[in-house]
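Visitor: Attaching a single structure in structure tokens format; questions to follow.
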Amino acid sequence: MTTHRLEYYKLPQPYPIHHPFPQAGITRTHGLRSSVFTQAQMNAHAQRAFEQWVEHWITESDCPPGAVRPHLGPGPGLLYYTEPYGTISEFVGWGMLLTVMMDNDQNRAKGLFDSLDAYRKAYLNEWGFMMSTVNYHKPMDAWNRDAATEADENMAMGLLLAHYQWGSDGAVNYLAEAKQLINDISQHLVERPSYALKPAATWGGSDTVDPAYYDSIYYPLWFALTGDATWTKLDESYRTLTAYFIKKYGTGLVPEWCTVDGKESRGGGNGLNGDSYFYGWDAHQVSTKWAIHYAWYGRSRTPVFADAADTFAAWIKREAKGDLTRLTNAYTLDGKPRGTFTGLPGMVGAMGLSGTVSPQNQDLVDDAYRFLLTMDVTQHYGWGTATAKLRDLLVYSGNFVNVTDLDR
């Protein structure tokens, strides 16, 4: 498996970049930032995380010409349905989204973005989505050919941001690709009339949803772009689901899988044999998404997500008792530990983002940020943590921004 440093992927000639990294202080966002580091230091942390992600987790090996992919490494710790050095679509999606945000004259990452997009398009299924899992040592089965909805949402948003970052009059029409993918998601990954977000094209819906898959951050922009009322209704559905868990449990914890109205579901696809109504690995990123929603729209337009983040932050501080390393990787929804791992800086980094919505949580934001910085993403388990670290450092530093004009 061959990987390269960022310099290898840089385009040789400069090109117009309309919203270069860092955007903190240029494109407005809401929310607390760390009080123990300067803005310049936080920008440097994100830059270093981007460089490490590229150097250790991006490869041309086993890719079509002109394409690159994130790989999963040799293991152990791989997802049960993957193989060593394979690829899952979720990390292609996050990779596209983060790469477009990190572009500037230093990184010149447009070529890297185009190569990730080329890999996406090389593995499209019959619904127009990237196949969720690409393995190399056994035939691809129907499961792996299906979509993984969160991946396609991030790919669509990455393409939309690429249009605003570089324009769509070059070799790739980013806006056309984004619109097509957004339309395909609406047609094939949203169940009607429940307006439940399906986790895949062939299964799930009102009886099985993954709360972590809802990207309600994007839905107001997609409605403004397309006029498709699906996005407003899906946004309302997720707000209702979030409010249900806050009212019922009072912890801010949400499950891996549930029904569209928040009840227990045994139809989830995470290999847990139906035991998935608890806060675990998938659910860790929900607080990151609440923080991004607050950063882009503020409390007045997202009270349910800001309230959920406040509730979660308060529970974290009660549970941690001043020591974030005590937090475990899984909890019942009423807050009882059921995990087996502690001392996880990536998990704590995502959880700590819930504190960014309120000034009383500055201590949580500072402690979680410092702990996140300690995470070594070069190790065998770093295939997911490297992506999460970069994503969350961008949010903490005010650099995970909406540069579109669709919300003005």
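The values are calculated or read from the model by the stated rules, or taken from the named source; none is laboratory data. Predicted model, so just to flag it, every value in this text is computed and none were measured. Note that each Cβ is placed from the backbone with ideal geometry, even for glycine, and that neighbours are counted across all protein chains shown.
Visitor: Scan region 1-21 and tell me whether some residue there is under 20 Å from the mean Cα position of the chain (by Cα), modelled with pLDDT of 95 or more and not hydrophobic (A, V, I, L, M, F, W, C).
Guide: Kept after step one, since they are under 20 Å from the mean Cα position of the chain (by Cα), are these residues of region 1-21: 21.
Those still in the list that are modelled with pLDDT of 95 or more too: 21.
Now restrict to residues that are not hydrophobic (A, V, I, L, M, F, W, C): none.
No, every residue in region 1-21 fails to be under 20 Å from the mean Cα position of the chain (by Cα), modelled with pLDDT of 95 or more and not hydrophobic (A, V, I, L, M, F, W, C).
Visitor: Another question, if that's okay. Could you say which residue among 216, 300 is within 26 Å of residue 29 (Cα to Cα) and in a helix (DSSP H, G or I)?
Guide: 300
Visitor: Another question, if that's okay. Can you confirm whether region 27-44 contains a residue that is part of a loop (DSSP other than H, G, I, E, B), surrounded by fewer than 19 Cβ atoms within 10 Å (Cβ to Cβ) and on the phi > 0 side of the Ramachandran plot?
Guide: There is no residue in region 27-44 that is part of a loop (DSSP other than H, G, I, E, B), surrounded by fewer than 19 Cβ atoms within 10 Å (Cβ to Cβ) and on the phi > 0 side of the Ramachandran plot.
Visitor: Restricting attention to region 314-357, and to residues there that are assigned to a loop (DSSP other than H, G, I, E, B) and of a type in the set (Val, Ile, Thr), which single residue is modelled with the lowest pLDDT?
Guide: 340
Visitor: While we're looking at this one, here's another question. Only one of these conditions is not met by residue 266: (1) in contact with a Gly (Cβ under 6 Å, 6 or more places away or on another chain); (2) touching a residue at least 12 places away in the same chain (Cβ under 8 Å). Which number is it?
Guide: Every listed condition holds for residue 266 apart from (2).
Visitor: Can I ask one more? Of 269, 227, which residue is surrounded by 17 or more Cβ atoms within 10 Å (Cβ to Cβ) and either more than 25 Å from residue 350 (Cα to Cα) or at pLDDT below 95 (or both)?
Guide: Checking each option against the conditions leaves just 269.
Visitor: What are the residues in region 136-146 that are assigned to a loop (DSSP other than H, G, I, E, B) and either at pLDDT 95 or above or over 22 Å from the mean Cα position of the chain (by Cα) (or both), if any?
Guide: Across region 136-146, the qualifying residues are 136, 137, 138, 139, 140, 141.
Visitor: Next question. Residue 242 versus (1) touching a Phe, Trp or Tyr at 6+ places or on another chain (Cβ under 8 Å); (2) farther than 30 Å from residue 26 by Cα; (3) without any contact (Cβ under 8 Å) to a residue 40 or more places away in the chain; (4) hydroxyl-bearing (Ser, Thr, Tyr): which is the lone unmet condition?
Guide: For residue 242, the failing item is (3).
Visitor: On the given criteria, is residue 171 over 20 Å from the mean Cα position of the chain (by Cα), assigned to a loop (DSSP other than H, G, I, E, B) and touching a residue at least 40 places away in the same chain (Cβ under 8 Å)? Explain how you work it out, then say what you get.
Guide: Numbers: over 20 Å from the mean Cα position of the chain (by Cα): yes; assigned to a loop (DSSP other than H, G, I, E, B): yes; touching a residue at least 40 places away in the same chain (Cβ under 8 Å): yes.
In short, yes.
Visitor: Scan (1) out of contact with any strand residue (DSSP E or B) (no Cβ under 7 Å at 6 or more places or on another chain); (2) in contact (Cβ under 8 Å) with a residue 40 or more places away in the chain; (3) surrounded by fewer than 23 Cβ atoms within 10 Å (Cβ to Cβ) for the single condition residue 235 breaks and write down its number.
Guide: Only one criterion is unmet by residue 235, namely (2).
Visitor: I'd like the residue in region 70-110 that is among the small types (Gly, Ala, Ser) and buried (at least 17 other Cβ atoms within 10 Å of the Cβ) and, out of all such residues, is nearest to residue 2 (Cα to Cα).
Guide: It comes out as 73.
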